[in-house]
2 protein chains.
Amino acid sequence: MDIAILGYGTVGSGTVNVLTRNRELIAEDSGEVLRIKAILDLKDFPGDPYEERIVHQFEDIVNDPTIEVVAETMGGLHPAFEYVSKLLEAGKSVVTSNKDLVAAYGEQLLEIAAAHAVDFFYEASVGGGIPIMRMINECMIQERIYEIMAILNGTTNYILTEMEEEGASFEEALEDAQELGYAEQNPESDVEGMDPARKLAILSTHAFCVDVDWTQIERRGITHITPDDIAIAKAIDHHIKLVARSRMVGSRLFASVEPMLLPEDHKLAQIEDVYNSIMIKGNMLDDITVQGKGAGSLPTGSAVAADLIMAAINKKDHVTSTTYHEYAKVKPESFSSLGQTYMLRTDKSVSMPQEGIISGIQVDHIHAYFTKQLKSQELRDLIQQLEIRGVQVLSCLVMEQEDLSVNR
Amino acid sequence: MDIAILGYGTVGSGTVNVLTRNRELIAEDSGEVLRIKAILDLKDFPGDPYEERIVHQFEDIVNDPTIEVVAETMGGLHPAFEYVSKLLEAGKSVVTSNKDLVAAYGEQLLEIAAAHAVDFFYEASVGGGIPIMRMINECMIQERIYEIMAILNGTTNYILTEMEEEGASFEEALEDAQELGYAEQNPESDVEGMDPARKLAILSTHAFCVDVDWTQIERRGITHITPDDIAIAKAIDHHIKLVARSRMVGSRLFASVEPMLLPEDHKLAQIEDVYNSIMIKGNMLDDITVQGKGAGSLPTGSAVAADLIMAAINKKDHVTSTTYHEYAKVKPESFSSLGQTYMLRTDKSVSMPQEGIISGIQVDHIHAYFTKQLKSQELRDLIQQLEIRGVQVLSCLVMEQEDLSVNR
């Protein structure tokens, strides 16, 4: 079957690599030979094995009736959205690694795909090489999923791991990550949590069957995390991770992306470097946790290749796995309204007792206090109380506690 | 669509529970309503909601043309094999949770299914609620999988966790597990490693595309693990786990089920109680690790339900996902021939230097020594040498080391 690829960058070239290097086993396992007929890119690639297949006009692909499946690995919203729409409308199945596109236009593109009886897959848009979308859409179709808790951004996880292991400051660890190519020159989307918020919205939409707008997810980044926070975490055998989580309670959706203190034995606490990990709770099978490389040319290209193969098999069989449901829009609420426990790092010691604080710890010059379960207003009151007593709260981190809301 | 279930025991009733309790969302997500038309069991179930659907004759199911998909959850080899064969030959798709059946007759049943253009799925036969078969067969179809390392038996993992956390002896922990229903009255299949060896053979066959006879997998159980071994493991920040692993090196297959010492930060080291965890390495996406409940009525029933739904969707679409390949038989070799490092616990201290031993540790009255990488003959020689010097080796455990064989 003839296929095409839009964009010959990191993910596009990873996809080509996977299809080329594993060509024989793919043909054997799937019964389909995928021929890369065209690769759309602005640039030429002289000397590249696929040099002759590079095209510069989108029309060369959309108007080619022999091309049946296309991978979009360009990134960005435009013209990715227009290209993908036109391809689907032309009866081609499309797979994408583009989380910006799926977070913004996923539902719309699924509707177009379903209307034209083609597939629209986006496994690689979340979790790199982790097959999480297929797990949710096929393997957990029998489950009422009610909670997701995940590390979805390798860049920030690398930075936090560096801060923890090397004692680096945020700025130093970011610089390291940029030198290694793990972080972009403009790292805002990662370190401010926009990237994991988009991925969390994609996961939550399909796990909970609700329409989630990623921009409405409460979001805090890691730029304010200091070595003092890391030192406190270590002293109490915890790790600081940028956690994306969401939970359905009845018809209410709670969601956030924020740094959290996780106890050592928590399933997400040990995830290091550029790994991602996703824990999903279903009402019948309890929790499933899956971890793997969340980014990188080959892991992400591998997920794109898996989607291409499944789309090609469906094309051959004249079926699709893509369905469109119009989900109800829900506005994500903050977990803080449910009540959470916090670590408050302060500039000086607090004379106890202090309503709301259970215990404290001092490590060298660093003071930290641990609260009982507080709702948002109670937390604000506590911080104000401390200020009145002359104590400044330098940082405030949510602590993981057992899921108390049973929702089966 | 009408379906039937063979066997109304732990897994069968779990399956019925999942299909009943999540009936609406399954219908909504899959577009298929699964009606349980018949449940085959020897017993009656007076008062059960499905009392009227219980049948005692297999013929009532195989001869009913309205039943299109059947779940086999009886267990055992016979008559399970005959029933499943006849159902497939009658044009019904079959899903099973029966690892004994799949390990012994899986390839034969796949061949029958493919010949009759129906599906034969067995997600629930390995890893309980963990969707590992679909991950291997669909999500990793683009990968050359070259290694599997897994905890596949919840009973032994529970026993080892108890020994570690409560300081219990093997016998005490086994008794606890039996009281809680985690271990059977005849625990041989679990504690001697037959159960994980069957599961490893099923996984390896499909991951590596070779025909693996589970009875030929090198296998050691956990009955000889003592509190002294656990104490040494703790002293060096390791955990003892019953590990099932297999690796392709060229066309050679290495496989074993045996207790291993895993360092604290190993992905399988933190798996506790009745959880299973499976790490798979592919040549493009590196490693993926998935963990979840490896047994139990609802988790396993959930996996059976997922298979039933996928088979029903395929039936409706007049397609199958089941393919049959005649794989070459390979005889699994022992990892010990590759060279491994070992912990040797001895009855007294060894005067150093001793060829082959790198270091030693003493904890109270317990002596343990750590070897350099040794092949099987070298290990035998070392043990003999120690005996000549009057030192008895009380236990010998493999230690996990980084995968040195690059096989991409």
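What to note about this one:
- Choice from B:89, B:355, B:172 showing the highest fluctuation, given a GNM over chain B with Cα pairs closer than 10 Å: B:355
- Counting, for every residue in B:276-289, the Cβ atoms of other protein chains within 10 Å of its Cβ and taking the mean gives 6.
- Residue mean of other protein chain beta carbons inside 10 Å, A:132-141: 6
- Computed over chain B with a Gaussian network model linking Cα atoms closer than 10 Å, the most mobile of B:318, B:238, B:367 is B:318.
- Summarising the amide proton neighbourhood of residue B:2: residues at separation of 5 or more, or on other chains, whose placed amide H is nearer than 5 Å comprise B:35, B:68.
- Simple spin-label estimate for residue B:234 and residue A:178 gives 4.8 nm between the two label positions (7 Å along the Cα-to-Cβ direction from each Cα).
- Degrees separating the helix A:376-388 axis from the principal Cα axis of chain A, which is the longest one: 40
- Distance histogram in 10 Å bins (all Cα pairs of the protein assembly as shown, percent per bin): 2, 13, 21, 25, 21, 12, 5, 1, 0
- Percent antiparallel among DSSP beta bridges (both partners in chain A, rounded to 5): 65
- Rounded to the nearest 5, the antiparallel percentage of DSSP beta bridges internal to segment B:179-259 is 80%.
- If you bin all the Cα-Cα distances of segment A:30-167 at 10 Å, starting from zero, the percentages per bin are 10, 32, 32, 18, 7, 1.
- Nearest 10 degrees, 0 to 90: helix B:154-166 Cα axis against chain B principal axis: 40
- Dipole magnitude for chain A: computed about the Cα centre from +1 point charges on Lys and Arg Cβ and -1 point charges on Asp and Glu Cβ, it is near 1200 debye.
- Per residue, the convex hull spanned by the Cα atoms of segment B:79-123 amounts to 56 cubic angstrom.
- Distance histogram for chain B (every C-alpha pair counted, 20 angstrom bins, percent rounded to whole numbers): 26, 52, 19, 3
- Model label points for residue A:364 and residue A:396, set 7 angstrom from Cα along the Cα-to-Cβ axis, are 2.6 nm apart.
- Given +1 at the Cβ of Lys and Arg, -1 at the Cβ of Asp and Glu and no other charges, the dipole of segment A:1-96 around its Cα centre is 160 debye to the nearest 20.
- Axis angle, to the nearest 10 degrees, between helix B:194-208 and the longest C-alpha principal axis of chain B: 80 degrees.
- Across the alpha-carbon set of segment B:339-399, the Rg to Rh ratio works out to 0.92, Rh being the Kirkwood radius.
- Taking the charge dipole of chain B about its Cα centre, with +1 at Lys and Arg Cβ atoms and -1 at Asp and Glu Cβ atoms, the residue from B:36, B:63, B:168 reaching farthest to the positive side is B:63.
Where a number appears in this text, it was derived from the coordinates with a stated rule and is not lab data. Quick caveat: nothing in here was measured; it's all calculated off a predicted structure. As a convention, Cβ positions derive from the backbone with ideal geometry for all residues, glycine included, and neighbour counts pool all protein chains shown.
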